[in-house]
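The values are calculated or read from the model by the stated rules, or taken from the named source; none is laboratory data. Here the structure is a predicted model, which is why all the values come from computation and not from measurement. No Cβ is skipped: glycine too gets one built from the backbone with ideal geometry, and neighbour counts run over all protein chains shown. Heads up: the accessible areas ignore ligands, DNA and RNA and are worked out on the full protein's heavy atoms, side chains in. Shrake-Rupley method; radii C 1.70, N 1.55, O 1.52, S 1.80 Å.
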Amino acid sequence: MSFIELIFLSVGLAMDAFAVSVCKGLSCRKIGLSQPLTAGLYFGGFQALMPLVGFLLGQSFQKYIESIDHWIAFVLLLLIGANMIRESFSKEEETVEASFGPRAMLPMAVATSIDALAVGVSLACLPGTNITAAISLIGAITLVISAIGVIIGHFAGGFLKSKAEFAGGAILILIGLKILLEHLGFIHF
């Protein structure tokens, strides 16, 4: 996976955390440096940790799935992306607690990073994946995007939430499709 693809993958994964961060920003009466930084560290940390766990799990099964690994990567990214797009059309309003303490942030960080676990399995299926670069980029981009999300949510409101989820889902589906088409020999990069 190229550096540019890793950036797009990172941004796609960060969109769930961005959407929740916007909601967290909406819940803040006052905002300082600590709220965006806290959200960024929680979301970025878990978005980096989960792909590593998924990658290690995927590598342990690599020899059993080698002949279909491109299909696994495609299906996982398609399902994650489709779910994000489906959620972007949901009329159900999410309520988010105003606290930035561990009891509030930990469950949200885990919930928004479950898809990153599946992406880690997909990364294990791709030959030559530099997992250190991948998790560093995923974590750093999510940290920055989440911090910005809190600020935007506080000042601009929640209209970006569904657009972010839709864009993130579309990016993940396109990356999955590219992986499949490359493996099948239809495109070459």
request  = Specify which of the listed residues (Leu180, Leu172, Leu143, Leu184) is touching a residue at least 24 places away in the same chain (Cβ under 8 Å), crowded, with 20+ Cβ neighbours inside 10 Å and under 18 Å from Asp69 (Cβ atoms).
outcome  = Leu172
query = Any chance segment 92-107 includes a residue that's within 19 Å of the chain's Cα centre (by Cα), assigned to a helix (DSSP H, G or I) and loosely packed, with under 15 Cβ neighbours inside 10 Å?
reply = yes
message = Checking Leu126 against (1) farther than 22 Å from Leu181 by Cα; (2) out of contact with any Gly (no Cβ under 9 Å at 6 or more places or on another chain); (3) surrounded by 16 or more Cβ atoms within 10 Å (Cβ to Cβ), only one condition comes out false. Which one?
response = (1)
remark   = Listed by range, helices (runs of 4 or more DSSP H) wholly within segment 1-77 having at least 1 residues that are in contact (Cβ under 8 Å) with a residue 12 or more places away in the chain, open to solvent by 20 Å² or more (accessible area, probe 1.4 Å) and charged (D, E, K, R) are 3-26
message = Can you confirm whether Ile138 is under 11 Å from the mean Cα position of the chain (by Cα), under 19 Å from Pro36 (Cβ atoms) and in contact (Cβ under 8 Å) with a residue 60 or more places away in the chain?
response = yes
